[in-house]
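The block underneath contains the structure these notes are about, expressed in structure tokens.
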Amino acid sequence: IKLGTVDRFQGTERSVVLVSLVRNNNRGDIGFAKTPARINVAFSRARELLVIVGCKELFTQGAKSAPKATGFYNEVSDVVRRRGLGVSVSDFRIN
């Protein structure tokens, strides 16, 4: 397991990559994830499996400061939905 920021993975690949986009706020601020180059690095380092964890609503609807990034995240969300690959936290029940 190798942990690091998006910038540390520039120029490298791994079999499995877990991208954490876990942030949620009322300001619509997605931080580093609004930069196209960083999004590209984060989402293109996986050879076999890419897992994206985060607040779908913030990235697809609420990113007020980054409309271009919001469009990209909507496209990714559509691909995931069409392929039936998305999982929502509401799909899990804790007994």
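Descriptive notes on the structure:
- Solvent accessible area, Å² - K56, 1.4 Å probe, full protein context: 110 Å²
- Paramagnetic label zone (point 7 Å from Cα along Cα-to-C-beta, L85; backbone N under 13 Å) in the stretch 1-32: 16-19
- Close amide H partners of L21, meaning residues 5 or more places away or on another chain with modelled amide H under 5 Å apart, are V53, G54.
- Value of [θ]222 nm, deg cm²/dmol, for the chain, DSSP H segments ≥ 4, -39500 (n - 2.57) each, nearest 500: -8000 deg cm²/dmol
- Percent of C-alpha pairs per 10 Å bin, the chain, short to long: 15, 46, 33, 6, 0
- Per-residue ³J(HN,Hα) for the stretch 9-17, Karplus 6.51 cos²θ - 1.76 cosθ + 1.60, θ = phi - 60°, Hz, x for Gly and Pro: 8, 4, x, 10, 9, 9, 4, 10, 10
- Solvent-accessible surface of the chain, averaged per residue with a 1.4 angstrom probe and all protein chains in place: 75 square angstrom.
- Multiplying each eigenvalue of the alpha-carbon gyration tensor of the stretch 19-61 by 5 and taking the square root yields semi-axes of 20, 12, 7 Å, largest first, rounded to whole angstroms.
- Taking only protein heavy atoms and a 1.4 Å probe, the accessible area of the chain is 53% carbon and sulfur.
The values are calculated or read from the model by the stated rules, or taken from the named source; none is laboratory data. Quantities reported herein were computed from a predicted structural model and do not represent experimental measurements. Ideal geometry is used to build each Cβ from the backbone, glycine not excepted, and the neighbour counts take in all protein chains shown. For accessibility, only protein heavy atoms count, side chains too; no ligands or nucleic acids. Shrake-Rupley method; radii C 1.70, N 1.55, O 1.52, S 1.80 Å.
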